[in-house]
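First the structure, in the form of structure tokens, and then the observations on it.
The values are calculated or read from the model by the stated rules, or taken from the named source; none is laboratory data. Since we're looking at a predicted model, the values are computed, not measured. So basically every Cβ, Gly included, is an ideal-geometry build from the backbone, and we count neighbours across all protein chains shown.
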Amino acid sequence: MTTRGAATKARIVDAADQLMYERGVASTTLADVRATSETSKSQLYQHFAGKRALVLAVVEVRADAVLSQQRRRLERIESFRGLELWRDCQFQKTAARCQKCTAVQLRVLEHTSGLIQ
């Protein structure tokens, strides 16, 4: 990928991240992302097959950011229970910042709790 292509892809992901944070995934359209990122339809589809691929890219960027911010804390965790407590704390912090996200986060938390018990 060229430097210019990488910059375009990053701009698309950044725009999608911003819009999905503000509006939610379901309320963010690819047209919204194109307008915010100032890219064409062909540019968007050159980098992403569709909305699902773009959402996955945003999730990856968010996960990388959280992990890099939390690396020191994560390195001190010595048990699976400690990992669960860290996860619960992250959901609580996010819920406090984003009231719209709370219901979705609670469903995710319930789902992941069921998977690891």
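Kindly list the number of the only condition in (1) closer than 27 Å to Met1 by Cα; (2) among the aliphatic types (A, V, I, L, M); (3) surrounded by 11 or more Cβ atoms within 10 Å (Cβ to Cβ) that fails for Leu67.
Looking at each condition in turn, Leu67 falls short on (3).
Determine the pairs where a residue that is without any contact (Cβ under 8 Å) to a residue 40 or more places away in the chain, located within the range 1-30, has a partner that is among the charged types (D, E, K, R) with Cβ atoms under 6 Å apart, the partner being 6 or more residues away or on another chain.
Pairs found: Leu19/Asp32; Leu30/Lys51.
I need the full set of residues from the range 13-31 which are assigned to a helix (DSSP H, G or I), modelled with pLDDT under 90 and surrounded by fewer than 16 Cβ atoms within 10 Å (Cβ to Cβ), in order please.
Glu22, Arg23
Kindly indicate which of Arg81, Arg34, Arg71 is part of a helix (DSSP H, G or I) and in contact with a Leu (Cβ under 6 Å, 6 or more places away or on another chain).
Working: Arg81 fails: in contact with a Leu (Cβ under 6 Å, 6 or more places away or on another chain); Arg71 fails: in contact with a Leu (Cβ under 6 Å, 6 or more places away or on another chain).
Selected residue: Arg34, the only one of Arg81, Arg34, Arg71 that is part of a helix (DSSP H, G or I) and in contact with a Leu (Cβ under 6 Å, 6 or more places away or on another chain).
Would you confirm, using the coordinates I've provided, whether Ala57 is within 13 Å of the chain's Cα centre (by Cα) and not acidic (Asp, Glu)?
So Ala57 passes the test.
Looking only at the range 37-64, count every residue that is surrounded by fewer than 14 Cβ atoms within 10 Å (Cβ to Cβ), part of a loop (DSSP other than H, G, I, E, B) and of a type in the set (Ser, Thr, Tyr) and tell me the total.
So the answer is 1.
Counting only residues that are surrounded by 13 or more Cβ atoms within 10 Å (Cβ to Cβ) and under 16 Å from Gln18 (Cα atoms), which one in the range 70-99 is modelled with the highest pLDDT?
Here the residue is Thr94.
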